[in-house]
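Asker: Okay, handing you the structure first.
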Amino acid sequence: MIYLLSDPHGGEYASGLTAYRRTYRPGDLLILLGDTELAFRPTEENRRFTKEFLALPFPIAIIDGNHENYPWLRSFPTEQWCGGTVHRLTEQIVYLQRGEIYEIANKRFFVIGGCKSSAKWKEMGLWYPEEEPSAAEIAHARANLARHGNRIDYVLTHKFERGDDPQAPTLAGLCAWIEANVAYTHWFEGHHHKKERVSEKLTRIFDELVALPTEE
């Protein structure tokens, strides 16, 4: 089984992780849709959460949100995993890369993390310029989708952003382009701190496990 969660924020919203620990069976995978906040805040609580998270004994894949320590995440070695590039954080935990497509349990997952933070986070000093996808990352995403015939099963983003110009080299532009050009089964996003079925093909998730059945 593949499970989805989002926005644990350094342990502040970690009930879903606790539920996954109880639910986990060999062969399962948890995918976090951003704002894990590993090594993000200079506090004892964040250091403790980071240490405990990295010691978790079951498979986890994370994408980035807008509250991440990007230089730290990107300092880990890269490797190929399920058909795409990842940073390997531990034996069990990988960091999925923007614009990559991963084949997991016979399903194709397209990933694009990141989004823009509000001004208050810049004022707090908890901000990195890498939080928004770059034009190069957007171009890589489009090219990668084209290589897969613009057909995937799931879109995973930290945030779905509305945009009028599908050619704009931005997250909003990419989201509009995917809606217009890519065949997909469902789109999942985090960021909003709520579980909500937004439309027939878009669901927001938070700290309650969402299960996707896998194919044997």
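Asker: Would you list the P(r) distribution for the chain, with all Cα-Cα distances sorted into 5 Å bins from 0 and each bin expressed as a whole %?
Answerer: Here the calculated profile for the chain is 1, 7, 16, 21, 22, 17, 10, 4, 1, 0.
Asker: Which value, in debye to the nearest 20, describes the size of the charge dipole of the range 164-210 about its Cα centre when Lys and Arg Cβ atoms bear +1, Asp and Glu Cβ atoms bear -1, and nothing else is charged? Before the final figure, lay out each step's value.
Answerer: Details: 5 positive and 8 negative charges, 30 e Å.
Value, rounded to 20: 140 debye.
Asker: Moving to a separate point now. Where in the range 17-113 are there trypsin sites (Lys or Arg not before Pro) that are in a DSSP coil and have at most 15 other Cβ atoms within 10 angstrom of their Cβ? Let's see the in-between values first.
Answerer: Values: sites: R21, R22, R47, R48, K51, R74, R88, R98, K107, R108; in loops: R74, R98.
Loop-located and lightly packed - R74.
Asker: So which chymotrypsin sites (Phe, Trp or Tyr not before Pro) in the range 144-216 end up in coil per DSSP with only 13 or fewer other C-beta atoms within 10 Å? Provide the component values of the computation, followed by the final result.
Answerer: Working: sites: Y154, F160, W177, Y184, W187, F188, F206; in loops: F160, Y184, F206.
Within the range 144-216, no chymotrypsin sites (Phe, Trp or Tyr not before Pro) qualify (loop, at most 13 other Cβ atoms within 10 Å).
Asker: Per the 1.4 Å probe, what fraction of the accessible area of the range 1-74, in percent, lies on carbon and sulfur atoms? Before the final figure, lay out the partial values.
Answerer: Numbers: 1590 of 2940 Å².
For the range 1-74, the apolar C and S fraction of the accessible surface comes to 54 percent.
Asker: Which trypsin sites (Lys or Arg not before Pro) in the range 119-216 sit in a loop by DSSP (not H, G, I, E or B) and have at most 10 other Cβ atoms within 10 Å of their own Cβ?
Answerer: Details: sites: K120, K122, R142, R147, R151, K159, R162, K194, K195, R197, K201, R204; in loops: K159, R162, K194, K195, K201.
Here the trypsin sites (Lys or Arg not before Pro) that fit, given the DSSP loop and packing criteria, are R162.
Asker: With every protein chain present, what is the per residue accessible area of the range 99-162 (1.4 Å probe, Å²)? Walk me through the intermediate numbers first.
Answerer: On the way: 2980 Å² over 64 residues.
In whole numbers, the range 99-162 has 47 Å² accessible per residue.
Asker: To continue, here is another question. With every protein chain kept in place and ligands, DNA and RNA left out, what is the accessible area per residue of the range 1-72? Probe 1.4 Å, answer in Å². Walk me through the intermediate numbers first.
Answerer: Values: 2850 Å² over 72 residues.
So the range 1-72 comes to 40 Å² accessible per residue, rounded to a whole number.
Asker: Here's another thing I want to ask about it. Whole number please: convex hull volume per residue of the Cα set in the range 10-117, in Å³?
Answerer: On the way: hull volume 11.3 nm³, N = 108.
Expressed per residue, the convex hull around the Cα atoms of the range 10-117 is 105 Å³.
Asker: Sticking with this one: Just order 76-85, 130-139 by mean Cβ neighbour count inside 10 Å, highest at the front, would you?
Answerer: Details: 76-85: 13.7, 130-139: 16.7.
Result, highest mean first: 130-139, 76-85.
The values are calculated or read from the model by the stated rules, or taken from the named source; none is laboratory data. In this text the structure is predicted, and so the values were computed from the model without any measurement. As a convention, Cβ positions derive from the backbone with ideal geometry for all residues, glycine included, and neighbour counts pool all protein chains shown. With ligands, DNA and RNA removed, areas are computed over all heavy atoms of the protein, side chains included. Shrake-Rupley method; radii C 1.70, N 1.55, O 1.52, S 1.80 Å.
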